[in-house]
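Participant: I have a structure I would like to understand better, so I am pasting it below and will then ask my questions one at a time.
The values are calculated or read from the model by the stated rules, or taken from the named source; none is laboratory data. These numbers were taken from a predicted model, which means no experiment stands behind them. Note: ideal-geometry Cβ built from the backbone for every residue, glycine included; neighbour counts use all protein chains shown.
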There are 2 protein chains.
Amino acid sequence: MKNAILLIIDGLGDLPTPQTPLQAAKKPNLDRLAEKGITGLMSSFDRGVVPGSDTSHLNIFGYDPLICYSGRGPLEALGIGMKLEKTDLVFRANFATMKDGKIIDRRAGRIATEDAKKLEKLVNMKMEDVEIIFKSSVEHRGALILRGHGLSNKVTGTDRTNMEPICVAFDNRGEKTARILNEFTKEVHKRLSKDHLNKKRKMPANVILARSGGFLKEVPSLRAQYGMLSACISGGALYKGCAKLAGMDIIEVKGATGTANTNLKAKGEAAIHALKKYDFIFLHVKACDSFGHDGDFKGKTKMIERIDKELVPILAKSGAYLVITSDHSTPCSRKTHSGHEVPIIIYGKDERIDDVKKFDEISCMKGGLGHMKGRNVMPLILNLIEKAKKYGS
Amino acid sequence: MKNAILLIIDGLGDLPTPQTPLQAAKKPNLDRLAEKGITGLMSSFDRGVVPGSDTSHLNIFGYDPLICYSGRGPLEALGIGMKLEKTDLVFRANFATMKDGKIIDRRAGRIATEDAKKLEKLVNMKMEDVEIIFKSSVEHRGALILRGHGLSNKVTGTDRTNMEPICVAFDNRGEKTARILNEFTKEVHKRLSKDHLNKKRKMPANVILARSGGFLKEVPSLRAQYGMLSACISGGALYKGCAKLAGMDIIEVKGATGTANTNLKAKGEAAIHALKKYDFIFLHVKACDSFGHDGDFKGKTKMIERIDKELVPILAKSGAYLVITSDHSTPCSRKTHSGHEVPIIIYGKDERIDDVKKFDEISCMKGGLGHMKGRNVMPLILNLIEKAKKYGS
């Protein structure tokens, strides 16, 4: 059986100051794959377009976000294991701290995950005919479902620092939703404020903020489209959510945290084990993006070195085709996503080989893959593992 | 007069084992054209997408298969010189051998062309109000027209090895067609079984199988669109069919067989002769694809060497612009089409020149044309011969 592993190193691309983190990092294993494989540069959408992590992953999985993306809410909810109904309006949600009617900390002092779990049940309630369901994930984060009739995403979120957390309808379609969400905010603030756990906190988790609301748009699974069995290994909920949307199984790995302390070896070994069952493994590593957002060049460089040392050798000897790339650039100098291309390697025993010998944004400019787009990745993977349908005869 | 020859070497692209056939072949003439011309890589559709020969040629001729492709049947029928009416439902068809109601050889022991021709007239008949017209081409192959009212391509074909050759309608639109085709199968089996020629055969050609049914979708000719007089030189019927759809004249060349023994010199000389009359010559050579399907690396390499020696020098001294490429890769290691890019050369006296000196999948990664798509080929040819219409003023 031919199979493939797609390693997405989130936010990997960067700008030279005067080197990029990829250029500065000691990464002999990635460089060896570049040397023995074919390389290039990729834009998730198109040149210069700045992608989100969610839309970028959908693109790479072969789904056009213009058709199937409806906010981060439903993807986060899927990723933390919530079951969604078709008419559910789903928000990304946070525990936050409100004082005198204004949000003073939108992360409630980064409340610990186990404390957030204790408060979770207070958030569930019914408003008019709408059921409100909350599930916390990591620290202050979670997802919020509004389940009922006549809901609309033609509303603002309530996640507004130093302001009142008020939801406003864009037009009359959003009126009921805004009313429900505003009533919910008041009621959940009342309930949470009374909780003894919050009375001890300097930054009480006394309100829930909602943003990026949308309805899940279902898509045909990778299995339905290509007969390809696929699985996801990721710490972060959003990436699991994108993978679930594509019909991937989620492989939970102990120590896969979606942060810099993630257990890369465990993730790599889980991928190798999964190759026995699956045609395609999507393996996501988050921390380089987080270091980029923090402007931490050294942290990003060290994380690349850890990936090179602890993860890449395991994948390289798997016998599967490897595709290694990123969803977007997160330059340390900008502390946010940018529209600069990311490098990509395709490595496999019968694949064509170019003469690029290093895996970085500059070396891969000369790669044999040239300049690709995110939506090319899945057809290339299907072609590698011979799961592509022939178009014509 | 400026004119151009497009040489399509079918199935030319390959994978390194450790060299590709193009890398392994001695081909000084193709390499000289690469050196004196501009090169690149091309995907017929897009990266990784695996193309059929039919859809790929349509693409290269500038016709979007998503709009104008309706199965291989009508293109094959055009290619073997059948006249089609708009409502004709046309199938690719084979003589085959049926025993006890099942297909035991879908090529009727590769019946000789002249024997198939003798049986041809027995196949023509009328079922209900539908006229059934068959024409054989090479060996067991041919095309089958159903001419009448209420026909639909919402049906399966009957080409099913080791099974009954039964046509099933996908939905009620296909009911009449399925009924007619199934009655035809019975009747033609009865007629062919009685023929004295078949009584002598170990594998009697006692049934006709149909597949890839569709209706011809007419398109504006190259002449109508660009004022370009064009002609096709090909052994294979399918390629002539695609060319006819595009309004090309078909130049029949003695010894152009569509197989490894094809008379390359005669094809080349016919092309040179045709330059006196035509702006554009499409010259197709099939055998590299067949060697790829057979997994015959040596055969493919030798065929490339023959093309280089017997055909390329004739074309190179014609004074016409030359575009040399392929429709898709057919790697010997895979024995089927793949979605890997194919190399392309554009050569002409005033054309730009890059520094690539060899015509192969690896060298052309660095070519000045970069990574093209099939649909770019015809605009580039029109631009070369100054037949392109200016877009804007």
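Participant: Among the residues of the stretch A:15-41, which ones are under 19 Å from A:LYS300 (Cβ atoms) and hydrophobic (A, V, I, L, M, F, W, C)? Before you say what the answer is, go through the steps one by one.
Facilitator: Going through the stretch A:15-41, the residues under 19 Å from A:LYS300 (Cβ atoms) turn out to be A:15-31, A:34, A:41.
Once the filter is applied, which keeps residues that are under 19 Å from A:LYS300 (Cβ atoms) and hydrophobic (A, V, I, L, M, F, W, C), the stretch A:15-41 yields A:LEU15, A:LEU22, A:ALA24, A:ALA25, A:LEU30, A:ALA34, A:LEU41.
Participant: Tell me whether the stretch A:86-97 contains one or more residues that are in contact (Cβ under 8 Å) with a residue 24 or more places away in the chain, part of a loop (DSSP other than H, G, I, E, B) and within 20 Å of A:ARG201 (Cα to Cα). Full working, then the answer.
Facilitator: Residues of the stretch A:86-97 that are in contact (Cβ under 8 Å) with a residue 24 or more places away in the chain, as a first pass: A:86-97.
Okay, now just the ones that are also part of a loop (DSSP other than H, G, I, E, B), so A:86-88.
Imposing the further condition that a residue be within 20 Å of A:ARG201 (Cα to Cα) reduces the set to none.
Among the residues of the stretch A:86-97, not one is in contact (Cβ under 8 Å) with a residue 24 or more places away in the chain, part of a loop (DSSP other than H, G, I, E, B) and within 20 Å of A:ARG201 (Cα to Cα), which makes the answer no.
Participant: Please determine whether any residue of the stretch B:66-79 is surrounded by fewer than 23 Cβ atoms within 10 Å (Cβ to Cβ), under 21 Å from the mean Cα position of the chain (by Cα), without any contact (Cβ under 8 Å) to a residue 12 or more places away in the chain and within 13 Å of chain A (Cβ to nearest Cβ).
Facilitator: Yes - at least one qualifying residue is present in the stretch B:66-79.
Participant: Sticking with this one: Which one of the conditions (1) modelled with pLDDT of 95 or more; (2) over 18 Å from the mean Cα position of the chain (by Cα); (3) surrounded by 15 or more Cβ atoms within 10 Å (Cβ to Cβ) does B:LYS277 fail to meet, given that it meets all the rest?
Facilitator: Of everything listed in (1) modelled with pLDDT of 95 or more; (2) over 18 Å from the mean Cα position of the chain (by Cα); (3) surrounded by 15 or more Cβ atoms within 10 Å (Cβ to Cβ), B:LYS277 misses just condition (3).
Participant: Still on this structure: Would it be correct to say that A:CYS288 is touching a Pro at 6+ places or on another chain (Cβ under 9 Å) and within 26 Å of A:ASN94 (Cα to Cα)?
Facilitator: Details: touching a Pro at 6+ places or on another chain (Cβ under 9 Å): yes; within 26 Å of A:ASN94 (Cα to Cα): yes.
For A:CYS288, the condition - touching a Pro at 6+ places or on another chain (Cβ under 9 Å) and within 26 Å of A:ASN94 (Cα to Cα) - is met.
Participant: In addition: From the set of residues in the stretch A:1-34 that are among the β-branched types (Val, Ile, Thr) and touching an Asp or Glu at 6+ places or on another chain (Cβ under 8 Å), which is farthest from A:ILE307 (Cα to Cα)? Before you say what the answer is, go through the steps one by one.
Facilitator: Quick first cut of the stretch A:1-34, residues among the β-branched types (Val, Ile, Thr) only: A:5, A:8-9, A:17, A:20.
Now restrict to residues that are touching an Asp or Glu at 6+ places or on another chain (Cβ under 8 Å): A:8, A:20.
Values: A:ILE8: 11, A:THR20: 16 Å.
Taking the candidates together, the pick is A:THR20.
Participant: Moving to a separate point now. Criterion first (more than 20 Å from A:MET248 (Cβ to Cβ), at pLDDT 95 or above and in contact with a helix residue (DSSP H, G or I) (Cβ under 7 Å, 6 or more places away or on another chain)) does A:ILE304 satisfy it? Steps first, please.
Facilitator: On the way: more than 20 Å from A:MET248 (Cβ to Cβ): yes; at pLDDT 95 or above: yes; in contact with a helix residue (DSSP H, G or I) (Cβ under 7 Å, 6 or more places away or on another chain): yes.
For A:ILE304, the condition - more than 20 Å from A:MET248 (Cβ to Cβ), at pLDDT 95 or above and in contact with a helix residue (DSSP H, G or I) (Cβ under 7 Å, 6 or more places away or on another chain) - is met.
Participant: Does any residue of the stretch B:19-42 turn out to be farther than 26 Å from B:ALA316 by Cβ and polar (S, T, N, Q)? Give the steps one after another, and end with the answer.
Facilitator: So the first thing to find is which residues in the stretch B:19-42 are farther than 26 Å from B:ALA316 by Cβ, and the list is none.
Within the stretch B:19-42, not a single residue is farther than 26 Å from B:ALA316 by Cβ and polar (S, T, N, Q).
Participant: Now, a different point. Please count how many residues of the stretch A:192-221 are farther than 23 Å from A:ARG160 by Cβ and among the charged types (D, E, K, R).
Facilitator: 6
Participant: Within the stretch B:50-63, which residues are within 12 Å of chain A (Cβ to nearest Cβ) and surrounded by fewer than 22 Cβ atoms within 10 Å (Cβ to Cβ)?
Facilitator: B:GLY52
Residue by residue, here is whether (1) assigned to a strand (DSSP E or B); (2) under 19 Å from the mean Cα position of the chain (by Cα) holds:
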site	(1), (2)
A:LEU7	yes, yes
A:PRO16	no, no
A:LEU33	no, no
A:GLY40	yes, no
A:PHE45	no, yes
A:GLY48	no, no
A:HIS57	no, yes
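Participant: Among the residues of the stretch A:109-137, which ones are farther than 23 Å from A:LEU75 by Cβ and part of a loop (DSSP other than H, G, I, E, B)? First the steps, then the outcome.
Facilitator: Applying the first criterion (farther than 23 Å from A:LEU75 by Cβ) to the stretch A:109-137 yields A:109, A:112, A:114-115, A:118-119, A:121-122, A:125-129.
Across the stretch A:109-137, the qualifying residues are A:GLY109, A:ALA112, A:GLU128, A:ASP129.
Participant: Do we find a residue being among the charged types (D, E, K, R), in contact with a strand residue (DSSP E or B) (Cβ under 9 Å, 6 or more places away or on another chain) and not in a loop (DSSP other than H, G, I, E, B) anywhere in the stretch A:140-155? Working first, answer last.
Facilitator: Step one: filter the stretch A:140-155 for residues among the charged types (D, E, K, R), giving A:141, A:147, A:154.
Filter again for in contact with a strand residue (DSSP E or B) (Cβ under 9 Å, 6 or more places away or on another chain), leaving A:141, A:147, A:154.
After this cut, where a residue has to be not in a loop (DSSP other than H, G, I, E, B) as well, the list is A:141, A:147.
Within the stretch A:140-155 (the criterion being among the charged types (D, E, K, R), in contact with a strand residue (DSSP E or B) (Cβ under 9 Å, 6 or more places away or on another chain) and not in a loop (DSSP other than H, G, I, E, B)), the answer is yes, since at least one residue qualifies.
Participant: Consider A:ILE103 against the criteria (1) at pLDDT 95 or above; (2) under 30 Å from A:SER234 (Cα atoms); (3) crowded, with 16+ Cβ neighbours inside 10 Å: it satisfies all of them except one. Which criterion is unmet?
Facilitator: (2)
Participant: Let me ask something else about it. Which one of these does B:SER137 not meet: (1) in contact with an Asp or Glu (Cβ under 8 Å, 6 or more places away or on another chain); (2) within 15 Å of B:ASN94 (Cβ to Cβ); (3) at pLDDT 95 or above?
Facilitator: So the condition that B:SER137 fails would be (3).
Participant: Which ones in the stretch B:167-214 are in a loop (DSSP other than H, G, I, E, B), more than 17 Å from B:ASP105 (Cα to Cα) and in contact (Cβ under 8 Å) with a residue 40 or more places away in the chain? Outline the logic, then answer.
Facilitator: Restricting attention to the stretch B:167-214, the residues satisfying the condition of being in a loop (DSSP other than H, G, I, E, B) are B:167-168, B:170-171, B:195, B:200-206.
Restricting the remaining residues to those that are more than 17 Å from B:ASP105 (Cα to Cα) gives B:167-168, B:170-171, B:195.
Within the stretch B:167-214, B:CYS167, B:ASP195 qualify.
Participant: Shifting gears a bit: Check the stretch A:347-361 and report whether any residue there is in contact with a Leu (Cβ under 8 Å, 6 or more places away or on another chain) and among the small types (Gly, Ala, Ser).
Facilitator: Looking for residues that are in contact with a Leu (Cβ under 8 Å, 6 or more places away or on another chain) and among the small types (Gly, Ala, Ser), one finds at least one in the stretch A:347-361, hence yes.
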